[in-house]
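Read through the structure below, which is laid out as structure tokens, and then see the notes.
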Amino acid sequence: ARYFFNKEGDFNNLTAAAYHKKTHLLVTGFASGIFHLHELPDFNLIHSLSISDQRIASISINCTGDWIAFGCSGLGQLLVWEWQSESYVLKQQGHFNSMVSLAYSPDGQYIVTGGEDGKVKVWNTSSSFCFVTFTEHNSGVTAVTFTSTGYVVLSASLDGTVRAFDLHRYRNFRTFTSPRPSQFSCLAVDSSGEIVAAGSQDSFEIFIWSMQSGRLLDVLAGHEGPISCLSFNPMKCVLASASWDKTVKLWDMLDSWRTKETLIMNSDVLVVAFRPDGKELAVAALNGQITFWDHENAVQTGSIEGRHDLQMGRKELDKITAKQAAKGKSFTTLCYSADGQSILAGGLSKFVCIYNVKEQILMKKFEISCNHSLDAMEVCEHRSLFFISSPPQDFGVLEDYHYSSVSILDPLSFLLNIVTSFLGRSWAATTTEGLLLYSLDSGVIFDPFELDIDVTPSNIRKTLSQKEFTMAIVMAFKLNEKKLIQEVIEAVPSSEVDVVCSSLPDLYVEKLLEFLASAFETSCHLEFYLIWAQKLLMLHGQKLKTK
């Protein structure tokens, strides 16, 4: 049979389709964001709905045929629709344009992002889902931050407002404005959460408000160029402001906001960041340098020449050499690690660099995009060149893909902002590809089972040393730490496996079998684990079958 979707004069491109065999459902998506649900073979229209104003790029139906998933690439939308009850199971949408700024909550559970589309979104770091979107701003959001309590999000925008959002009731409870309309380019809040500061890019002033009353407390003038960054000292009442006028000014809050110190730089200052203990100030300038300052005595303590770490290759047809192109590269965002020993830096490049502050050397370089769609260079570098950072494990060849880019509108991935979490175990970056999370703990979840106060790793090891193997295994499963369970099981002598298996409570037999099943895929102790599995199944097989 042949059927036509489009009536005359209502032409609409079909962009995606999916068919479910069991239920004979045909789902079709169109360029206008409409989808149709037909029953075959009679081609009866069951349902039709407009879910987006962008084209539907992909459709998938789950195995039972109840849920239909739609992807709209234009808006970064993911929708799951239950067609029988006609309701949404899941709705997710990213920022329409680039994300520009981000901040971790104090406990590291949430991340807030601000975008050029004027939206402020709060994301859960464990599920990677956005759970609230604020749309009050009328123009692009330039900066976002959490207060120290973690229940209030602040955002600055080019629409001339700084807004405070309450994460309990999900509402905009304060709006801060300046006497004359100003475009705010940066934002900072002090450690008490009471003082809010925002810098202007057109009047070159810094505005100070009270969070409690919403009143404008002061206007700080003195810079002769747009304010590019603000940062409060976490330990003292000092505000650092960076500007395109090649200076960093330190303002003392207790001394009626007088300029305490002015640090002169060689180039336009793009970003400032205080070390978590407040004793050091890092400054990144337009010439690609990161300088470190003892701000109490206005003395420079070190510097990193970062331009070489940002540079890339060049395209075949580019007239500008890679060396010349690197002159325009600089870091636009800085962030200290939680212990203050390392600093993360990123800019208009696809690399994120982690430097050791004391040694002033590059420790690690992350490539946030492997965009092969551009006519670019492929550079092979020998690992022996990287002895400075860490000795190579093997003298293999490290493939590194370099792309050049002259304009910011290039479809390359650029780093726009970067933050580390409170514990320093993870960091996040806003890029033109989206929000990226990097972590040392790949999805570690503390999920204890019937835990009591005496079950600790040290007590488990103590029990193990006393050769109470069954007790140690039960305690390890209560703590539910995979590495610890493995350590305990591998410490049991193979001659004792039979005795341990017979004395193991029924509840833990299933847990141990589940653990063994996953261990078979990764462990090199195959025979040892097979002995465990054999003994368990011989002793408890009948009971497990009856269940």
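The values are calculated or read from the model by the stated rules, or taken from the named source; none is laboratory data. Small disclaimer: the values here were computed from a predicted structure and weren't measured. Cβ atoms come from the backbone with ideal geometry, glycine included; neighbour counts cover every protein chain shown. Remember, those area values only see protein heavy atoms, side chains included, never the ligands or the DNA or RNA. Shrake-Rupley method; radii C 1.70, N 1.55, O 1.52, S 1.80 Å.
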- Task: With no solvent and one equal point scatterer per Cα, compute the Debye intensity ratio I(q)/I(0) for the chain at 0.13 Å⁻¹ and report its log10, rounded to two decimals.
- Result: -1.24
- Query: Check Asn97: other-chain or 5+ apart residues with amide H under 5 Å from its amide H, H built from backbone geometry?
  - Reply: Glu116, Asp117
- Normalised by the number of residues in segment 14-93, what is the relative contact order in percent for Cα pairs under 8 Å and 6+ residues apart? 21 percent
- Task: For segment 33-162, build the charge dipole from Cβ charges (+1 Lys, Arg; -1 Asp, Glu) around the Cα centre, then report which of Leu78, Cys63, His47 sits farthest towards its positive end.
- Result: Leu78
- Task: Evaluate the charge dipole of the chain about its Cα centre and quote only its size in Debye, nearest 20, assuming +1 on the Cβ of each Lys and Arg and -1 on the Cβ of each Asp and Glu.
- Result: 260 debye
- Query: So how much accessible area does Thr301 have, in Å² to the nearest 10, using a 1.4 Å probe?
  - Reply: 80 Å²
- Message: Within 10 Å of each candidate Cβ there may be at most 11 other Cβ atoms; applying that plus a DSSP loop requirement, which GluC sites (Glu not before Pro) in segment 184-234 survive?
- Response: Glu224
- Query: What does the highest-first list of 465-478, 16-29 look like by mean Cβ count within 10 Å?
  - Reply: 465-478, 16-29
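Just add up the charged neighbours of Tyr529: K/R +1, D/E -1, any other residue whose Cβ is under 12 Å from the Cβ of Tyr529.
Around Tyr529, the charge tally is -2.
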